[in-house]
Amino acid sequence: MDRLFREVSERLDVLAYAALFLTDWDPDLGALLARRAESGVKVRLLLGDPDSPAVADRGVQEGLGDGLASRIRISEVNLAQAIGRPGVELRRHSTTLYNSIYRFDGEMLVNTHAYGFQAAQSPVLHLRNSGAGRLFGHYAESFDRVWATAAKADA
């Protein structure tokens, strides 16, 4: 994970409900994202709208109740150093999330979601955009579709 964040040079996309594990992994991730954006990386963050029915439903399904909405709010606080900086955009989505997507240029981690389980309990695919096959493009297009419907978050 460290290599992916530090070596990304063009685009970094995150689609998740909370992705709180990222700032647990690196408490200074907001500062890292701000530095990456300053070096020309386009950072697009798509987190769940904590007030949406989709987040409430997923919270119940995962046994977290209102905890999922709280996790989203904590993620936003933890990423505050990056949010709103030039090159970093946060949007909130209210989609039913079938997987979380983490794109780093031509590499992507896709966390598949299994009903009734938290994301950390589900498999992760590591994809590379090799030009062969359609899987990488399939998930990249999925990200773009959610991005197009998401609301811009206040900085």
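Bear in mind these aren't lab numbers, they're just calculated from the coordinates by the rules spelled out. On a predicted model such as this, the values are computed, not experimentally measured, just so you know. Cβ atoms come from the backbone with ideal geometry, glycine included; neighbour counts cover every protein chain shown.
General remarks:
- Single unsatisfied condition, residue 75 versus (1) touching a His at 6+ places or on another chain (Cβ under 9 Å); (2) buried (at least 21 other Cβ atoms within 10 Å of the Cβ); (3) more than 21 Å from residue 148 (Cα to Cα): (1)
- Hits in the range 35-53 (condition: closer than 18 Å to residue 152 by Cβ and assigned to a helix (DSSP H, G or I)): 37
- Any hit, the range 37-55, residues being under 14 Å from the mean Cα position of the chain (by Cα) and hydroxyl-bearing (Ser, Thr, Tyr): no
- Those strands (runs of 3 or more DSSP E) lying entirely in the range 59-130 with at least 1 residues in contact with a Lys or Arg (Cβ under 8 Å, 6 or more places away or on another chain) and of a type outside the set (S, T, N, Q): 88-93, 99-104, 107-112
- Residue count, the range 126-141 (criterion: in contact with a strand residue (DSSP E or B) (Cβ under 7 Å, 6 or more places away or on another chain) and surrounded by 15 or more Cβ atoms within 10 Å (Cβ to Cβ)): 5
- Given (1) touching a residue at least 40 places away in the same chain (Cβ under 8 Å); (2) not in a loop (DSSP other than H, G, I, E, B), index of the condition residue 138 fails: (1)
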